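Each reported figure results from applying straightforward, stated rules to the coordinates on display, with no laboratory input. Nothing here was measured: the structure is a model prediction, and the numbers come from that model. Heads up, the Cβs are rebuilt from the backbone with ideal geometry, glycines too, and the neighbour counts pull from every protein chain shown.
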Amino acid sequence: MSLLILAVAITGTALAYPVAIRTQQLSRYQIMAGAKVLELLDSFAQAGHGVASQQTEAEWLGQSTFTASPVDLERSMVKSLFDMLPLPSGIARRIDSDGDEIARLLDDGGCLFYPSPNPHQLGSEARYANITERGDSFTDWSGGTGEGADEAASHVANLVFAVVGCAQQNALPYHPCLAWPYYDWTPAPLQAWEIASWRAHAAANDPDGPWPGLVEAEAVHALVNPDTVQAVVGDLAQVAAYVRAAQALVAATCATVATPGGPQPLPPADLRTLTPPWPAADPDVYPPPWRVLATRVLAHAATMRTNGVLAASAPASAQEIAYAAATHDAALGWATRYAAMDPYDWGAARPLNRQIGWDFPLLQFDCFASPGHPDPIYRVPDGTGDVSWRVVAGRRPRWYPEARGVYATGAAPIPPNRRAIDESWGEASHFNLASRFAAEERARQIVCWAVDWRAYEDCESAPAAPLDARLCHIDSRGNQVTLAPVVAHPEHHLFWADAARASFPAPYVFGAVESGIETVAYKQLRLGWWGADRDGDKSFDQGPLPATARLRAATVARFVFYDRRVPHALRN
């Protein structure tokens with residue numbers, strides 16, 4: 001009887017071991033999945049750092065690459081901003097899960113991701129730059145080396161992630177043809193784009209009403225502009241002429257008061273003295289752009305008279321100094337009032353020395369038909385075949401200029417594109433970015449599974465996942481439009497260079513289109529035809545499991561997160 005009791009106890013204990021081991025393993029997976037998701041969402045909260053050095057304007061709708069900048073979490077992961085790399089489709093399709101969740105995700109166009117073997121060190125500093133110099137691998141993820149680090153690496157290597165649930169329609173970072181808002185210093189001279197906009201809006205048939213003072217604005221710009229201001233600074237006669245021309249411009253566009261120093265623009269009325277609702281026609285509440293530009297130029301001219309270059313030979317009088325201070329205060333008051341009141345007035349630049357999130361208008365694509373546009377698709381009329389949705393805003397912007405950007409480093413300016421902007425607007429009633437919503441409408445999930453996909457024989461020879469064409473930083477004309485690589489697959493730093501799988505691709509060329517971009521060899525190299533070193537150990541590995549076998553993934557954890565619609569950064 002004693003032996004029987006002992007045998008039952010030993011057998012029960014032995015049977016409990018696998019359960020205990022699996023429970024402990026699941027706990028470890030959950031800890032590591034939680035740490036990774038916290039890292040993901042922290043990076044996601046300030047994802048604006050991942051969209052630097054990109055073209056933000058295009059001549060026509062459908063040609064802007066920046067409007068494809070990621071706002072959704074999985075789009076950011078596809079772009080390899082957060083140390084997550086897409087699992088090859090051929091491998092992902094062999095993985096089963098509860099309720100066929102992975103299969104349905106893939107059928108809907110989703111993707112499985114695995115943690116990069118070479119994580120970022122600081123912010124968006126990619127580790128792939130050090131791969132050829134240091135044999136970094138998963139050991140760095142755990143912060144050390146040795147048996148504990150290797151064990152942590154093996155657990156992380158078995159984790160795959162996906163974002164499930166329908167995404168919201170996102171706001172646009174900018175209008176595809178005009179990267180508004182523009183910024184400039186206050187005070188500052190008239191820029192070339194500003195005088196061009198003044199000319200365009202001075203016509204009597206301007207839908208928002210003609211701008212006054214064109215003759216005076218032309219005279220001011222002819223005297224001093226960003227190209228000539230340095231030559232004028234030390235010339236007293238030219239500075240005095242600049243002040244007189246700016247005063248004439250203010251007299252033609254603003255209400256002024258006579259002072260010993262000359263005509264001075266009245267400051268904006270204190271909003272606390274005005275009874276809301278404030279009428280849109282009240283220029284004290286919603287100042288017209290020409291008033292903002294005129295007062296800014298006068299402040300620039302008056303303060304130029306007090307500059308240090310002239311101080312030695314012709315120092316400014318106390319009256320001139322007081323006049324410069326008063327005009328500067330008035331200009332800053334009008335500029336800040338203008339910027340604060342209407343994000344859909346695009347006639348004048350916002351103050352560069354006062355940037356806030358409310359400077360940005362709310363824009364989105366209009367994805368639905370309307371009586372005005374039975375076909376919601378806008379077709380670019382330049383023969384390229386580019387198409388786009390039209391754009392809707394909280395209120396249709398007015399007094400917008402033309403784009404002032406260029407397509408690439410050293411390229412010619414974007415051609416005049418007012419026609420494209422005029423034709424870009426969709427049905428205003430379809431705008432919904434400011435509509436009320438329930439919190440659950442914005443809830444999505446990050447799901448983590450554990451599966452030993454590296455056991456497959458083709459874990460490092462399987463071709464890379466298909467590339468999202470929006471990651472190719474070339475426009476419809478074949479021009480490179482950002483300083484980033486032309487084709488940057490998320491796994492590119494791990495790609496094998498050829499069928500021998502003994503070396504990595506050559507470094508990318510930044511700032512110029514790479515030679516041979518249309519050749520088969522180039523595409524095989526840059527699109528991962530030969531697979532990738534997916535464990536980061538710089539050697540070609542093959543698992544024991546044939547590609548015909550199927551694996552079952554175990555659900556590790558689910559994390560609910562807020563799916564934002566508007567691009568933003570939590571901190572800068």
- [ ] Let me have the relative contact order for the stretch 183-359, percent, based on Cα pairs under 8 Å that are six or more residues apart.
- [x] 29 percent
Task: Reachable lysines, given that their alpha-carbon falls under 24 Å from the alpha-carbon of LYS523 and they are not under 8 places away in the same chain - done: LYS79, LYS538
- [ ] Could you list the trypsin sites (Lys or Arg not before Pro) in the stretch 339-397 that lie in coil according to DSSP, counting only those with at most 16 other Cβ atoms within 10 Å of their Cβ?
- [x] ARG354, ARG395
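Please give the length that would be gained between SER317 and ARG442 if that part of the chain were fully extended, namely 0.36 nm times their separation in residues minus their C-alpha to C-alpha distance (nm, one decimal).
38.9 nm
Report the local net charge at SER370: Lys and Arg +1, Asp and Glu -1, summed over other residues whose C-beta lies under 15 Å from its C-beta.
On the way: positive: ARG390, ARG396; negative: ASP366, ASP375, GLU423, GLU427.
Charge balance near SER370 sits at -2.
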- [ ] Express in nm, to one decimal, how much length is gained between ARG396 and ALA252 on full extension, taking 0.36 nm for each residue of separation and deducting their alpha carbon distance.
- [x] 49.0 nm
TODO: Would you order HIS373, HIS493, HIS201 from fewest to most other beta-carbon atoms within 10 Å of each residue's own beta-carbon?
DONE: HIS373, HIS201, HIS493
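For LEU6 and THR548, compute 0.36 nm times the residue count separating them, minus their Cα-Cα distance, and round to one decimal in nm.
190.6 nm
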Task: R0 of 22 Å, Cβ-Cβ distance ASP458-ASP96: FRET efficiency to nearest 0.05 - done: 0.80
Task: Inter-probe distance in nm under a simple model that places probes 7 Å from Cα toward Cβ, at TRP193 and ALA500 - done: 5.1 nm
Task: At R0 = 22 Å, FRET efficiency that the Cβ-Cβ distance of ALA203 and THR259 yields, to 0.05 - done: 0.05
Task: Kirkwood Rh in Å, taken over the stretch 183-359 so that all alpha-carbon pairs contribute - done: 16.6 Å
Task: Listed peptides 169-176, 271-278, 212-219 by packing density, highest first (mean Cβ within 10 Å) - done: 169-176, 212-219, 271-278
Task: Peptides 186-197, 553-564 ordered by average Cβ neighbours within 10 Å, highest first - done: 186-197, 553-564
- [ ] Distance between Cα centroids, the stretch 166-182 to the stretch 286-347: provide it in whole Å.
- [x] 32 Å
